[in-house]
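Engineer: The structure is given below, and queries will be raised subsequently.
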Amino acid sequence: MVKKHELPLPTKDEIEILHRNPTTFEDENVHKIYDEIANHFSSTRYKPWPIISAFLASIDEHSVGLDAGCGNGKYIPLAKHLFGLDRSVNLLKHAHRAGDADREVILADTLHSVTRKHVFDYAISIATIHHLATDRRRVESIQSLFNAVSLKGGRILIYVWALEQGEDSRRAIPENSTISSNSKGLDVWVPWVNKADGKVYNRYYHLFEKGELRNITEEASRLSKVNIEVVQEGYEKDNWYIELRTQGSI
């Protein structure tokens, strides 16, 4: 039996701060923390997940891709021309050295396009969008992916943490969880104990409920006026995922 740890919930005051200034909230409760724990975090993130590996293996070797929220860059060596993008300069130092060669990485957030529109053939967003503090910002992040890839035939794979945690998960969802900044899913703190000094850092996560990722993807498609095909969607290792292909303008 896996020992489970109940995830703490934000207080009502913290939810109010989240709504009042989500950018500052994310800076303090996501970006700053990852810069501080980057070395320890990177040492625990090295094994690619099967569906993501299969997606990257299906990409033509001449295609150019974007890993939006690449973290330490563990997926970058799996594709020949995959650029990494992240807000954490300390995680990007690891991503730049991922694999057996120097990698191209970009210091930026996932909400704003930093290249010409539709310059990439594909994009992945793995365990990133759930760190954005509002529904609107999560939709905007997916819109940014639509802007990044080819308008027709562009491929996208997105992963987010699931509210529905499996039996083997070490995370337990609090019973009677009612405090949330959103009508769907659940806002939680996910503790990280830094190996170097034992300090506990509470990172903000929005846990997605079933169907929520599909809903915001369709909303991003509508707002961006981009037709999409849902190639596949499902659940893997306590995450919801969706694979998309762009089908031109609406």
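Values quoted throughout were computed directly from the atomic coordinates according to the rules given, and no laboratory measurement underlies them. Predicted model, so just to flag it, every value in this text is computed and none were measured. All Cβ positions, glycine included, derive from the backbone under ideal geometry; neighbour counts span all protein chains shown.
Engineer: Run the quick spin-label model on residue 21 and residue 200: label points 7 Å from Cα toward the beta carbon, then report their separation in nm to one decimal.
Structural biologist: The modelled label-to-label distance comes out at 2.7 nm.
Engineer: Counting other C-beta atoms within 10 Å, which of 224, 88 has the fewest, and how do the rest follow? Show your work: numbers first, answer last.
Structural biologist: Details: 224 21, 88 24.
Lowest to highest Cβ neighbour count: 224, 88.
Engineer: What relative contact order, as a whole-number percentage, does the chain give when Cα pairs under 8 Å and 6 or more residues apart are counted?
Structural biologist: 21 percent
Engineer: Under 24 Å Cα to Cα from residue 152, which lysines show up? Leave out anything in the same chain fewer than 8 places away.
Structural biologist: Excluding near neighbours in sequence, the set is 80, 117, 225.
Engineer: Let me ask something additional. Just want the answer: with Cβ charges of +1 for Lys and Arg and -1 for Asp and Glu, which residue in 85, 7, 204 is farthest toward the dipole's positive end in the chain?
Structural biologist: About the Cα centre, the residue reaching furthest to the positive side is 85.
Engineer: Pick out, from 75, 115, 162, the residue whose Cα sits farthest towards the positive end of the charge dipole of segment 51-205, with +1 on the Cβ of Lys and Arg and -1 on the Cβ of Asp and Glu.
Structural biologist: With unit charges placed on the Cβ atoms, the residue in question is 115.
Engineer: Also: Return the distance in nm (one decimal) between the two label points of a simple spin-label model at residue 80 and residue 32, each offset 7 Å from Cα along Cα→Cβ.
Structural biologist: 4.4 nm
Engineer: Between (i) -0.44, -0.69; (ii) -0.37, -0.68; (iii) -0.45, -0.79, which entry matches log10 I(q)/I(0) by the Debye sum over Cα atoms at q = 0.09, 0.12 Å⁻¹ as derived from the coordinates of this structure?
Structural biologist: It is the one labelled (ii).
Engineer: State the extension gain, in nm to one decimal, for the chain segment bounded by residue 44 and residue 108, taking 0.36 nm per residue of separation less the distance between their alpha-carbons.
Structural biologist: Between residue 44 and residue 108, full extension yields an extra 20.7 nm.
Engineer: Straight-line reach from residue 32: which lysines have a Cα under 21 Å away, not including same-chain ones fewer than 8 places off?
Structural biologist: Hits, sequence-local ones excluded: 74, 93, 195, 199.
Engineer: Next question, about the same structure. Under a crude label model (7 Å from the Cα following the beta-carbon direction), how far is residue 184 from residue 233 in nanometres?
Structural biologist: Those two pseudo-labels are separated by 0.7 nm.
Engineer: Which FRET efficiency value, to the nearest 0.05, do you get for residue 214 and residue 247 by plugging their Cβ-Cβ distance into 1/(1 + (r/R0)^6) with R0 = 22 Å?
Structural biologist: That pair, residue 214 with residue 247, gives E of 0.85.
Engineer: Here is a follow-up. Work out the length of the dipole vector of the chain about its Cα centre, built from +1 on the beta-carbon of each Lys and Arg and -1 on the beta-carbon of each Asp and Glu, and round it to the nearest 20 debye.
Structural biologist: 320 debye
Engineer: Stretched out fully, how many nm does the piece from residue 169 to residue 13 gain, at 0.36 nm a residue minus the Cα gap? Spell out each step's value before the answer.
Structural biologist: Details: separation 156, 0.36 × 156 = 56.16 nm, distance 2.89 nm.
Result: 53.3 nm gained on full extension.
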